[in-house]
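The values are calculated or read from the model by the stated rules, or taken from the named source; none is laboratory data. If you're wondering where the values come from, they're calculated on a predicted model, not measured in any experiment. Cβ placement follows ideal geometry from the backbone for every residue including glycine, while neighbour counts extend to all protein chains displayed. Calculation scope for accessible area: heavy atoms of the full protein, side chains included, ligands and nucleic acids excluded. Shrake-Rupley method; radii C 1.70, N 1.55, O 1.52, S 1.80 Å.
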Amino acid sequence: MQVTEHSGNPTGDLTYALRKVCKRYGDGTAAVHALRDVDLEVKPAEMLVLLGPSGSGKSTLLNIMGGLDRATSGEVWFGNQNLSSMNDDALTQYRRKRVGFIFQFYNLIPSLTARENVELVNEIADDPLPAAEALELVGLGGRLDHFPAQLSGGEQQRVAVARAIAKRPAIMMCDEPTGALDVRTGVRVLEALVEVNQRFGSTLLLVTHNADVARLGDRVVRFLDGGIRSIESNSRRAAPSDLEW
Amino acid sequence: MRVLDRKVLRDLWRMRINVFAIVLVLGCGVAILVMAVGMRGSLERTRLNYYAVYKMADLAVSLVRAPANIANALAAVPGVSAVETRVTGLALLDLPGVKEPASAHLVSLPRIGRPRVNDLSLAQGRWPDPDRADEVLVNEALATANGFQLGEELAATLHGQRHTLRIVGIANSPEFVFVTAPGEIFPQQDRFGVIWMGEEALARAYDLEGAFNNAVFRLSPEVDSVKIKRAIDVALAPYGSAGAYDRDRMPSDRFLTEELGQLATMAAFLPTFFIVIAAFLVNISLTRIIAAERSNIGLLKAFGYSDRAVATHYAKGALLMAAGAAALGSVAGWLLGRMMASVYQEYYRFPRLEFEASAGVYAGALGIAVACAVAGSLTAVIAAVRLAPAAALAPPPPTSFGSNSAMLRSFSSHLDAKSRIILRRIVRFPRRSATTVIGISLAIAVLVLAGTFPAVMERLMHVNFTEANRQDVSLSFVDAREMSVVHGVMNLPGVILVEPGRADRVILHHAGKSVEETLIGLLPDARLSRLVDARLEVIHPPAAGIALARALAEKLDASPGDLLEIEQTRGRRLITHARVATIVDPMVGASAYMEIDALARLMREPGLITGVNVRLDAAQYDRFNAAIKEAPALAGASFINLAERSMRENFDRGVGVMNFIYLSFASVMAGGVAFSAARITLAEQERDLATLRVLGFTRLEVSYVLVGELAALGLLAVVPGVIAGTLIGEWLMKLFSNDLYSFPYVFNAAGYAVAIGFALGCVAAAAMLVRTGVDRLDMVGVLKARD
Ligand SMILES: Nc1ncnc2c1ncn2[C@@H]1O[C@H](COP(=O)(O)OP(=O)(O)O)[C@@H](O)[C@H]1O
Ligand SMILES: [Mg+2]
């Protein structure tokens, strides 16, 4: 893995430190500024919620922090590594070793069973949780050998959660994980996420446009038009079962 | 409908790799079809036309000597519309600048006018002056091969006397479209030709003044040739007639007929592969388009488009591909046909052979292409029609992968997850997997065939020239000679070893069947000319009776113990009998064989031989040739080295062209199928592959999922491909085996390796090209959209 050392470690004890991160799509008059000068710090084991209306740049930021996309300018520090200056291979290794992803549309492999979808990622992880155990954790112990087509949306999303947590990732990135789910199933998914955050001490970045879901976080970053409008700390994190939406 | 039509084009453009593959594969099928059917038609038409305009004989007869006035009796036979009586013979030629003597078939020209039967087409020069005994025409193939100029002189030994002949013209004749020396297997156009000269001069040379020894006939339309032959035989019986025969015994026409048959086989057989595979490719691509278009179809239907409009919309794409393939294939077939016609023109001497496929051929090709597209698109279009508007608008459920069989489950439990993805997809889409496997198998099969032909030829040449015929020269005499002639030949310069030989041209009769063949006398313990089977073992002559080659025995319906009637066609036209002693399987030649002395006794010429086989001291080669050029008693000299050289040249050119065509078609097949499979796999799995990249799999690991599927299908194709190639090869060898050879199937390990390697190479190239798609996967995009 390519590591970019920095003299004075800019992150200190932080997990992420973002400096003046910009993302622009296109050029000239047609240019879209998805992110403008975003500065953000993320603490270890923190549960950070990125909240904002649709199109405000949340996913763009998450994708950059997850090593799926690159900032147009600015620095994205993860520990003492600058993601902005990593090549493709280094970013792949970063995702592989550090990050667990959960997406709105689950992104399971349809030709693999629930267990195998988890095993798929375990095969490239260093010290993974056994697949059955990870699925047990999200309440799917009884559906190990079902293919995605045989599972409901909520179940599919919980398989995705199991897939993300099984490698005990340092970071969990969740982009609208409940976006396609009804309340009851959404709550179960969120419960699984909170459980992981507490049990493994993973830093959890959760993107949502739902203000109610934001009550789960230690801190809430409010987005508007590609910029951070405010950052608030919740004095008390709500439990998923308290949510209503 | 305008907008929808634009959408058809856009769909095709989006699937352009598949469209390209389909058009190429189907185009290949159409091209072979146009070429083979067109070539067959061209040859057939050219032959028919040539025969009609130049009055090809319907019947021919050879005899010892008949007085010229008998011609009137022959012309009077009812049903005979024209007769030409001729003097014919063989002559040894001493060609300027050529060491070895060559030989020619001599045919007389009538004193007045042109031949009434078997007329000539003059390519260059003029007709001989009947008052100039030395003026001759030579056939165009011999003239071209030797670079003869008009006015050039040839020395020829006719009936033991040396003549100097002057070439005044170069000609072709329907009688000699294909020229081979009697008993020779392959044409040696530079070593055997036809010379036409004035009747009187030729008759004088053969002591046949006022007489003829050959007659050719044209018949009135719709007459019974059997009756006419009988009448001719009766009229000529007192003059040593060998019996009138039809075109099927005229060597040139027989070769042409066989060639036409082979083209028909090719027209029926090769294109089928391509067309069937193309239909499957159409099916797979269209199924894919329609799957990707579920919501569009729903929308169209919701807007009120009828089922028929929807079906037409998707069928249009397939029809466009068919039209493209028909156009491409027709042009390619026309070009290949022209190329083939020019190769044919070298062997089959027509005044003018042009490739010309009728409009019907092209229309038929278009029809077949359209049928292929319709057949291929049927299930996909029906699926589109069946889609309910509501269902089509809802997002598709994830592709369902049901539980697999227990065997598959236990097998897949040993695999890593990525290999499991590959396995499950292959099993989940069996029709597509099978198409890919069959397509690649067929490519391997075609390549195995392409590798087999040279190996068979190589084996044939090895057996013929190294194992069987170990002599350097075979000399044949004008008349049968005493055995003591061996000593005379031994005294020629450079001769190391001489063995006697005997061959009689006969008609064998058994069970109502008659076959004209050569009855060959074998020397027990021969060191030079031997009969060898496919395992390279020497076949010894039976102690008594006749040995029949299997093909000949089948034609005669004869088995050991049967009594054959044997009718000599030359000389005294003896009729005698002998029993079949055994059936043999020589590799080259399908004749009848006897012990040499027994044969001479059977022909009532005890102790007489008709030729000798000679081994030479290479250092004295030129002196030997100089000596035999003067020898009066020789009818022909066949040189093994020259025969081998010309066979190899013929083969390299003919088979070289064919192999190039096979190679191109096989690579189109393998590449087209692999490309199309790879492209569809990528399209279908784009989302999954991008997800894998998001999850931290490297490009290499993700490429494995894509390439692994193709590799697995490619490897699965190896065994069926090799088996199909071998079976088709064996079948083709049987089909191509004729009176002259029985083609063995030769297992050629290197050829198989090349076939497998080349086909898998095409698959690998396709996989590598499509694999670049993995580098362009849109990781961010894939997360936004549902399937
Ligand atoms: N590939 C792209 N090309 C152009 N604009 C894009 C692209 N991806 C996102 N955008 C724009 O960037 C902005 C932020 O998008 P996104 O981060 O997806 O918003 P959010 O996740 O907050 O809904 C939007 O205006 C969106 O239209
Ligand atoms: Mg978003």
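All of B:Ile167, B:Ile112 fail the test of being of a type in the set (A, V, I, L, M) and open to solvent by less than 30 Å² (accessible area, probe 1.4 Å), apart from B:Ile167. Under the condition of being surrounded by 19 or more Cβ atoms within 10 Å (Cβ to Cβ) and assigned to a helix (DSSP H, G or I), the residues counted in segment B:427-449 number 16. Which residues, counting only those in segment A:166-210, are within 16 Å of ligand 2 (Cβ to nearest atom) and under 14 Å from A:Phe101 (Cα atoms)? Correct list: A:Met173, A:Cys174, A:Asp175, A:Glu176, A:Pro177, A:Thr178, A:Leu205, A:Leu206, A:Val207. Inside segment B:86-106, residues that are open to solvent by 20 Å² or more (accessible area, probe 1.4 Å) and within 23 Å of B:Leu120 (Cα to Cα) make up a count of 3.
Let's see how each residue does on (1) modelled with pLDDT under 90; (2) at negative phi; (3) surrounded by fewer than 21 Cβ atoms within 10 Å (Cβ to Cβ):
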{"residue": "B:Arg2", "(1), (2), (3)": "yes, yes, yes"}
{"residue": "B:Lys7", "(1), (2), (3)": "yes, yes, yes"}
{"residue": "B:Ile22", "(1), (2), (3)": "yes, yes, no"}
{"residue": "B:Asn49", "(1), (2), (3)": "no, yes, yes"}
{"residue": "B:Tyr54", "(1), (2), (3)": "no, yes, yes"}
{"residue": "B:Asp58", "(1), (2), (3)": "no, yes, no"}
{"residue": "B:Asn69", "(1), (2), (3)": "no, yes, yes"}
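Meeting the requirement of 1 or more residues that are open to solvent by 20 Å² or more (accessible area, probe 1.4 Å) and touching a helix residue (DSSP H, G or I) at 6+ places or on another chain (Cβ under 9 Å), the helices (runs of 4 or more DSSP H) wholly within segment B:182-300 are B:225-236, B:251-292. Contact annotation: residue pairs with Cβ atoms under 6 Å, 6 or more positions apart or on different chains, pairing a residue in segment B:577-600 that is free of Cβ contacts under 8 Å to residues at least 24 places away in the same chain with a partner that is open to solvent by 20 Å² or more (accessible area, probe 1.4 Å), are B:His577/B:Leu563; B:His577/B:Glu565.
Looking for something open to solvent by 10 Å² or more (accessible area, probe 1.4 Å), at positive phi and either more than 9 Å from every other protein chain (Cβ to nearest Cβ) or over 14 Å from the mean Cα position of the chain (by Cα) (or both) - is there at least one such residue anywhere in segment A:126-144? Within segment A:126-144, one or more residues are open to solvent by 10 Å² or more (accessible area, probe 1.4 Å), at positive phi and either more than 9 Å from every other protein chain (Cβ to nearest Cβ) or over 14 Å from the mean Cα position of the chain (by Cα) (or both). The set of residues in segment B:755-786 being surrounded by 15 or more Cβ atoms within 10 Å (Cβ to Cβ) and within 14 Å of chain A (Cβ to nearest Cβ) consists of B:Val774, B:Leu777, B:Met779, B:Val780, B:Val782, B:Leu783. For the condition outside the structural domain of B:Ile539 (by TED's automatic domain parsing) and at pLDDT 90 or above, B:Val486 qualifies.
Contact map, segment A:173-199: first residue away from chain B (no Cβ under 14 Å), second residue within 16 Å of ligand 2 (Cβ to nearest atom) and open to solvent by 10 Å² or more (accessible area, probe 1.4 Å), Cβ cut-off under 6 Å, separation 6 or more or different chains; pairs are A:Gly186/A:Thr178; A:Val189/A:Thr178.
Selection of segment B:682-707 for residues being of a type in the set (A, V, I, L, M), farther than 17 Å from B:Thr772 by Cβ and part of a helix (DSSP H, G or I) yields only B:Val694. Scan segment A:27-82 for residues that are within 16 Å of ligand 2 (Cβ to nearest atom) and of a type in the set (Ser, Thr, Tyr) and report the count. So the answer is 4. Scan segment B:244-259 for residues that are in contact with a Leu (Cβ under 9 Å, 6 or more places away or on another chain) and modelled with pLDDT under 85 and the total you get is 1. Within segment B:76-85, the set of residues being over 26 Å from B:Val177 (Cα atoms) and either hydroxyl-bearing (Ser, Thr, Tyr) or surrounded by fewer than 16 Cβ atoms within 10 Å (Cβ to Cβ) (or both) comprises B:Ala76, B:Pro78.
Candidates B:Ala52, B:Ala68: the one that is under 35 Å from the mean Cα position of the chain (by Cα) and among the hydrophobic types (A, V, I, L, M, F, W, C) is B:Ala52. Please pick out the residue among B:Ala141, B:Ala145 that is modelled with pLDDT under 95 and surrounded by fewer than 24 Cβ atoms within 10 Å (Cβ to Cβ). It is B:Ala145. Look at (1) in a loop (DSSP other than H, G, I, E, B); (2) at pLDDT below 85 and you find that B:Thr452 fails only one, number (1). The conditions of being over 12 Å from A:Arg115 (Cβ atoms) and away from chain B (no Cβ under 12 Å) are not met by A:Gln150.
Assessment of segment A:226-234 against the conditions (within 23 Å of A:Thr15 (Cα to Cα), without any contact (Cβ under 8 Å) to a residue 24 or more places away in the chain and not in a strand (DSSP E or B)) yields at least one matching residue.
Here is a check on your reading of the model: is B:Ala155 among the aliphatic types (A, V, I, L, M) and more than 34 Å from the chain's Cα centre (by Cα)? Answer is yes for this residue. Among the residues of segment B:699-753, the ones that are open to solvent by less than 50 Å² (accessible area, probe 1.4 Å) and either under 21 Å from B:Ile438 (Cα atoms) or at pLDDT 90 or above (or both) come to 25 in all.
Here is the figure for segment B:71-124: residues that are within 21 Å of B:Ser225 (Cα to Cα), touching a helix residue (DSSP H, G or I) at 6+ places or on another chain (Cβ under 7 Å) and among the aliphatic types (A, V, I, L, M) total 5. Would you pick out the residues in segment B:452-471 that are open to solvent by 10 Å² or more (accessible area, probe 1.4 Å) and in contact with a Phe, Trp or Tyr (Cβ under 7 Å, 6 or more places away or on another chain)? B:Met457, the sole residue that qualifies. Flag: B:Ala322 matches the condition of being open to solvent by less than 50 Å² (accessible area, probe 1.4 Å) and assigned to a helix (DSSP H, G or I). Residue check: B:Asp190 meets all listed conditions (1) out of contact with any Lys or Arg (no Cβ under 9 Å at 6 or more places or on another chain); (2) among the acidic types (Asp, Glu); (3) without any contact (Cβ under 8 Å) to a residue 60 or more places away in the chain but one, namely (3). Of all residues in segment A:47-56, those being crowded, with 22+ Cβ neighbours inside 10 Å and near ligand 1 (Cβ under 6 Å from one of its atoms) number 2.
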